[in-house]
Each structure stands twice: as C-alpha cells, then as structure tokens.
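Every number here is computed from the coordinates shown, using simple stated rules; none is lab data. Being a predicted model, the structure only gives us computed values, none of them experimental. Cβ coordinates were reconstructed from backbone atoms using ideal geometry, including for glycine residues, and neighbour counts include every protein chain displayed.
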Amino acid sequence: MEKTANKSCLYYDMKASGKRMKELRNKKHYTQERLSEKLGMTSQGYKMIELGINGARIDTLVIIAELLNTTVDYLVTGRNVVACDEEAKKEDE
C-alpha cells in the first residue's frame, strides 16, 4: 500500500467531525431536531453522528455541509481545501 504524504487530510475522526458539526449547528442556531428534519433522518440518528458514535454517509455529509455553509473537507478533516492544497504545493517544492 502506498503511503500518503499528507495523512491529516485523509483521516476521518468521527468524534472530531461530530464536534465540528455541533459547533457549526449551534452557530446557525439549529437544534439537532431541526437539522435532522432537514436531513430527512431521525434526531437520534443525527445525534449519533454528532456524538461520533456513527459515521455519516457521504451524501449526508454533503447535505450537512450545505446546510451549515461549510465544506465536506472541513467536516471530515477540520481543514479547508485551500489548506490541504497549500500543503501539497509545499511538499512538491
């Protein structure tokens, strides 16, 4: 298996991801119930994602990112695309 130069851009920490979702949800003044309704899932299902007990499907992450005005990259890695691209450029130099 080929080693990845920038593992931090590829690692999915469900608990950290859930924490970022919660912070962004609170900034938007959404309750878990309101966001879960917008996602078409139960509030318990969303709560499990936010607590980091269950991971979210990629299509769910895309919708969450849209609702919270962020990117899937930020939800999953905590970094934005620009930060990952800049690191990749530095490694190429």
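Near residue 68, once Lys and Arg are set to +1 and Asp and Glu to -1 for all other residues with Cβ below 14 Å from its Cβ, the sum equals +4. Maximal additional length on extending the residue 42-residue 59 stretch stands at 4.5 nm, based on 0.36 nm per residue less the C-alpha distance. Other residues lying with their Cβ under 12 Å from the Cβ of residue 45 contribute a combined charge of -1, Lys and Arg counting +1, Asp and Glu -1.
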